[in-house]
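For reference, the structure discussed in these notes is given below.
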């Protein structure tokens, strides 16, 4: 398998990553500066996750370069579990963090458009289109309260990962599988899955303990969350099974306190460019995850044409359900979805 340039660079810098994101992460990311503004970043995944070894170091370097070293980041782990991350940032416990929209039910509805089944593409393609759609349509719903959306993005193609081999979606009826919230829950229901809802960091122990027999997850998790140690079979639908939407956020109070020059630095990397960049890191993480999964004996299978048609049929009502929910937020969901799909290139 040919790895992307980003993946090669990440692998080549493994020793540097281990130092930067290890026990000395806060000082390393802040660059050792005792002066200037240091923004606290709350992260809920481990050092092996692409947000921590890729995205935040890139952001830190970008902000330091823009500000002449007077604006930097400090990553801290364990400040809050994933479902509490939105409130953690809004309330100022940390300045910046990343949220899963599906972990905060009721707060975000319009973002489900980015998670629908049957949308092919990689993380960079969909993330770029997602942010453009957020800016043009979805932001009108004013779902982001007390926070700044720096970038909207998705992980790579969602996959069905199981302990036992799967050749048909019909085989997973009644199977205990972890689903991650949002549209994934509706997909699980349509397929007859006995859904297990736990945040991503809890997936390993959930499968290891036998509570779940597999998980709906993208390929990057095979490495980042060590899923390949437990599940050995991946069912990959090239039509697009699902994805999960995220946002990188900053509290309003934190942003407002920045100097004019520092605001310009943040503004210079936010938006569509940031979403595209983050998507690229997630695609590289998928490459790495697949490489590591194959090393551990994971078998990847694609569904037959008949199975792909079956999946499309059983999930066909989800789009209309989401569009109805989006309409209640005062957003033209049909126009937003058409625009979103047109921007995936």
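The values are calculated or read from the model by the stated rules, or taken from the named source; none is laboratory data. On a predicted model such as this, the values are computed, not experimentally measured, just so you know. Glycine also receives a Cβ, built like all others from the backbone with ideal geometry; neighbour counts cover every protein chain displayed.
Quick look at the numbers
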quantity: Some residue of the stretch 84-106 being under 13 Å from the mean Cα position of the chain (by Cα), modelled with pLDDT under 95 and outside the structural domain of residue 219 (by TED's automatic domain parsing); calculated: yes
quantity: Filtered residue count, the stretch 293-306, keeping only those that are in a helix (DSSP H, G or I) and surrounded by 18 or more Cβ atoms within 10 Å (Cβ to Cβ); calculated: 1
quantity: Criterion (closer than 26 Å to residue 238 by Cα and either part of a loop (DSSP other than H, G, I, E, B) or assigned by TED's automatic domain parsing to the domain that holds residue 280 (or both)) met by exactly one of 133, 111; calculated: 111
quantity: Members of the stretch 139-167 that are in a loop (DSSP other than H, G, I, E, B) and in contact with a strand residue (DSSP E or B) (Cβ under 9 Å, 6 or more places away or on another chain); calculated: 144, 146, 155, 158, 163, 164, 165, 166, 167
quantity: So residue 51, is it under 15 Å from residue 265 (Cβ atoms), at pLDDT 95 or above, assigned to a helix (DSSP H, G or I) and touching a strand residue (DSSP E or B) at 6+ places or on another chain (Cβ under 7 Å); calculated: no
quantity: Single residue of 268, 251 found to be more than 19 Å from residue 50 (Cα to Cα), in the same structural domain as residue 60 (by TED's automatic domain parsing), surrounded by 20 or more Cβ atoms within 10 Å (Cβ to Cβ) and at pLDDT 95 or above; calculated: 251
quantity: In the stretch 173-183, the residues that are over 30 Å from residue 92 (Cα atoms) and in contact with a strand residue (DSSP E or B) (Cβ under 7 Å, 6 or more places away or on another chain); calculated: 174, 175, 176, 177, 178
